[in-house]
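The values are calculated or read from the model by the stated rules, or taken from the named source; none is laboratory data. Since this is a predicted model, take the numbers as computed values, not measurements. Here the Cβ is made from the backbone with ideal geometry for all residues, glycine too, and neighbour counts use every protein chain on show. With ligands, DNA and RNA removed, areas are computed over all heavy atoms of the protein, side chains included. Shrake-Rupley method; radii C 1.70, N 1.55, O 1.52, S 1.80 Å.
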Amino acid sequence: MRVVSELILVRHGQSLSNVAVPAADALGLLEAEVGGRDADVPLTEYGEAQAAAVGGWLAALPPEQVPQVVITSPYLRARETWRIAAEASGLALPVPKTDDRLVDRLMGDLELLTRAAIAQRFPGEAARRAEAGSYRYSPPGGESFADVEARLASFLGDLSEEHAGERVAVVAHDAVVLMMRAVIEGLAWDDVLAMERAEGTVRNASISQFLARDGHLRLVRYNAVDHLPSV
């Protein structure tokens, strides 16, 4: 079976929305201190420091383990995470490509809205989500986790065809890392939820790794942040 030799998944560093939206939610506010498109949300200074720490992790890899292919989400926070990491590493790393299938879960009309704003503007969404279930629920104009899983299955299929035997790094989002694991390991949604309860949500600038064994990718590291203590 054709498969990449290694797959490294990196979540982007802390972004402005990672800070602003939870802060607004905690206060019950209708507006968070972040605007524009989700695709354009930048890293915070702390997120930039996290990205540099990823670069330190890359620099410490033996030459035979350095990524040969890099693919990022087209979102600014993912592209900047790799740019900063690559510069901090001091290595001659491959020029990154982007793939639209690596974008964060699309939230449609609910993009960057606080919980209070959603309740005010879309009062029926809580009931609609409860009826559909967390796996199948799609926000207005957005996508479900099932949709994310489908596009990542497509991405992984193409990745195996185009980069079989190569070491690949992907820089993307928490939903991408989570559902990439679901696709690779064939996890049912209940298994995904149980795994997330046991291992926590995907952390900013975390690293997950899969290695090829017997023609299949096997998880060797998940949601690791041991490269970040100095940040």
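Calculated [222 nm] ellipticity per residue, helices only, for the chain: -13000 deg cm²/dmol; basis is -39500 (n - 2.57) per DSSP H run with n ≥ 4, divided by all residues, nearest 500. Could you tell me the relative contact order of the chain? Use alpha-carbon pairs under 8 Å, at least six residues apart, and round to a whole percent. Relative contact order here is 34 percent.
A simple charge model with +1 on the Cβ of Lys and Arg, -1 on the Cβ of Asp and Glu and nothing else charged puts the dipole of the chain at about 180 debye relative to its Cα centre. Between the listed residues ALA150, VAL177, MET195, the Cα displaced farthest toward the positive end of the dipole of the chain, a dipole computed from Cβ unit charges relative to the Cα centre, is found at MET195.
Between ASP25 and VAL95, the simple label model (points 7 Å from Cα in the Cβ direction) yields a spacing of 3.9 nm. Taken per residue, the accessible surface of segment 124-211 reaches 42 Å², heavy atoms only and a 1.4 Å probe.
Remark: relative contact order (segment 14-145) = 27 percent; criterion is Cα-Cα distance under 8 angstrom and separation of 6 or more residues. Rounded to the nearest 20 debye, the dipole size of segment 115-187 about its Cα centre is 480 debye, using +1 on the Cβ of Lys and Arg and -1 on the Cβ of Asp and Glu. Given R₀ = 45 Å, what would the calculated FRET efficiency be for GLU45 paired with ARG2, taking r from the Cβ atoms and rounding to 0.05? The calculated FRET efficiency here is 0.60.
Seen from all sides and averaged, what is the projected area of the convex hull of the Cα atoms in the chain, in nm²?
Mean shadow area of the hull around the Cα atoms is 12.7 nm².
For segment 176-231, the fraction of 1.4 Å probe accessible surface lying on carbon and sulfur atoms is 47 percent.
Which of the GluC sites (Glu not before Pro) across segment 1-65 are loop residues per DSSP, with 14 or fewer other Cβ within 10 Å?
Working: sites: GLU6, GLU31, GLU33, GLU45, GLU48, GLU64; in loops: GLU31, GLU33.
Qualifying residues, ordered by number: GLU31, GLU33.
As a length-normalised measure over Cα pairs under 8 Å and 6 or more apart, the relative contact order of segment 130-231 settles at 17 percent. Relative to the current alpha-carbon distance between ASP190 and ARG121, full extension at 0.36 nm per residue lengthens the span by 21.8 nm. PRE reach from ALA60 (point 7 Å along Cα→Cβ): which of segment 200-231 fall under 20 Å by backbone N? Under 20 Å, as judged by backbone N against the label point of ALA60, lie 203-211, 220-231 of segment 200-231. Taking the protein heavy atoms of segment 53-104 in the context of the full set of protein chains, the accessible area attributed to carbon and sulfur is 55 percent at 1.4 Å.
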